[in-house]
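Asker: Provided herewith is a single structure, encoded as structure tokens, for subsequent inquiry.
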Amino acid sequence: MDSKEIVHDGDDLYKADILRKIDLSKLSKVSFDPPIEPCKPGDSLILRPLNRRDFSKGFPQILSQLTAVGDVSQEQFIEAFDRMSKCIDTYFVTVIEDTSCGKIVGSATLLLEQKFIHNCAMRGRVEDVVVSDEYRGRQLGKLLLAALTLLAKQVGCYKLSLDCKDNMIPFYETFGFVKEDGNGNFMTIRF
Ligand code: 16G
């Protein structure tokens, strides 16, 4: 992997180095055609941790393609970012930037939950996966999910789960996500 392709920045949510260790060939169920890599997602694109300065790069706008974001100010973004960054090795919000226009074009989060069960293991959750409409069809959602799945494995999660809209089930099934027999229920209270 070309180390120059992954940007280091003190304002990153987590250390970008961890993305270097990701080897997509370890995901037996998923292949990329044409081949892409975390260090080379495509022309002028970079995969990297969320950065404290990404508010102005269209991060909230990208999330609004997934669900309601609300009128989040830069101050609110920074407060939320700083809260996440204080939780060491917990929030792996990972973005794709198109450096030709300085815009975030995709994002996905790996959230690590420390457990007492399973010998104090970690459980991973995939959250807020979104790729800009204009960048669909470039395998970027697949790349984000592949990277986060391998990251979850690398940090020793005993399981990785997500909830998604019905139409996204076939996409997540290609990675091996299943509704477990007798344990496939996702329940919600909305406040
Ligand atoms: C999807 C997302 C979830 C996100 C939710 C927002 C994935 C895998 N799932 O289910 O992370 O939080 O949508 O929808 O990205 P809501 O606004 O209805 O909670």
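The values are calculated or read from the model by the stated rules, or taken from the named source; none is laboratory data. Predicted, not measured: the structure shown is a model, and the values here were computed from it. Don't worry about glycine lacking a Cβ; one is built from the backbone with ideal geometry, like all the others, and counts go over all protein chains shown. Heavy atoms of the whole protein, side chains included, go into the accessibility calculation; ligands, DNA and RNA do not. Shrake-Rupley method; radii C 1.70, N 1.55, O 1.52, S 1.80 Å.
Asker: What does the accessible area per residue of the chain come to in Å², with a 1.4 Å probe and no ligands, DNA or RNA counted?
Answerer: For the chain, the per-residue accessible area is 60 Å².
Asker: How large a share of the accessible area of the chain, in percent, is made up of carbon and sulfur atoms when the probe is 1.4 Å and the other protein chains stay in place?
Answerer: 50 percent
Asker: What FRET efficiency comes out for residue 11 versus residue 31 if R0 is 35 angstrom and r is the Cβ-Cβ distance? Round to the nearest 0.05.
Answerer: E(calc), rounded to 0.05, equals 0.55.
Asker: Additional query: Mind putting a number on the dipole of the chain about its Cα centre? Charges go on the C-beta only, +1 for Lys and Arg and -1 for Asp and Glu, and I need it in Debye to the nearest 20.
Answerer: In total the dipole reaches around 460 debye.
Asker: Using per-residue counts of other Cβ atoms within 10 Å, averaged over each peptide, order 177-186, 52-61 from highest down.
Answerer: In descending order of packing, they fall as 52-61, 177-186.
Asker: Kindly flag which residue pairs out of 115/142; 21/57; 57/165; 15/153 have an alpha-carbon separation exceeding 24 Å in this structure.
Answerer: Where the Cα-Cα span goes over 24 Å, the pairs concerned are 115/142; 21/57; 57/165.
Asker: So how long is each side of the range 1-100 along the principal axes, counting just the alpha-carbon atoms, biggest first, in Å?
Answerer: 39, 28, 28
Asker: Going highest first, how would you order 151-158, 40-47, 167-174, 91-98 by mean Cβ packing within 10 Å?
Answerer: 91-98, 40-47, 151-158, 167-174
Asker: Can you give the percent of C-alpha pairs in the range 33-191 whose distance is more than 23 Å?
Answerer: Looking at the range 33-191, the distances longer than 23 Å represent 41 percent of pairs.
Asker: Here is a further query. Could you state the number of Å between the C-alpha centres of the range 122-190 and the range 21-35?
Answerer: The range 21-35 and the range 122-190 have Cα centres separated by 16 Å.
Asker: May I pose another question? Find which of 101, 183, 135 sits farthest along the positive direction of the dipole of the chain, computed with +1 on the beta-carbon of Lys and Arg, -1 on that of Asp and Glu, about the Cα centre.
Answerer: Looking along the dipole axis, the top candidate is 183.
Asker: If you don't mind, there's one more thing I want to ask. Report the label-to-label distance for residue 127 and residue 99 in nanometres (one decimal), using points 7 Å from each Cα along the Cα→Cβ vector.
Answerer: Going by the 7 Å Cα→Cβ label model, 3.0 nm.
Asker: Tell me whether the range 102-191 comes out rounded, prolate or oblate; compute the Cα gyration tensor, take square roots of the eigenvalues as a ≥ b ≥ c, and use a/c under 1.5 as the rounded threshold.
Answerer: Prolate, since a/c reaches 1.5 and a/b exceeds b/c.
Asker: In percent, what relative contact order does the chain have, based on Cα pairs under 8 Å that are 6 or more apart in sequence?
Answerer: That works out to 20 percent.
Asker: Mind checking which of 149, 67, 99 has the largest fluctuation in a GNM of the chain, springs on alpha carbons under 10 Å?
Answerer: 67
Asker: Hey, could you pull the Cα Rg and Dmax for the range 23-76, both in Å?
Answerer: For the range 23-76, the Cα-based Rg and Dmax read 15.3, 42 Å.
Asker: Follow-up. Let me check I've understood the local charge: for residue 113, count other residues with C-beta under 12 angstrom from its C-beta, Lys and Arg +1, Asp and Glu -1. What total comes out?
Answerer: Summing Lys/Arg as +1 and Asp/Glu as -1 gives +2.
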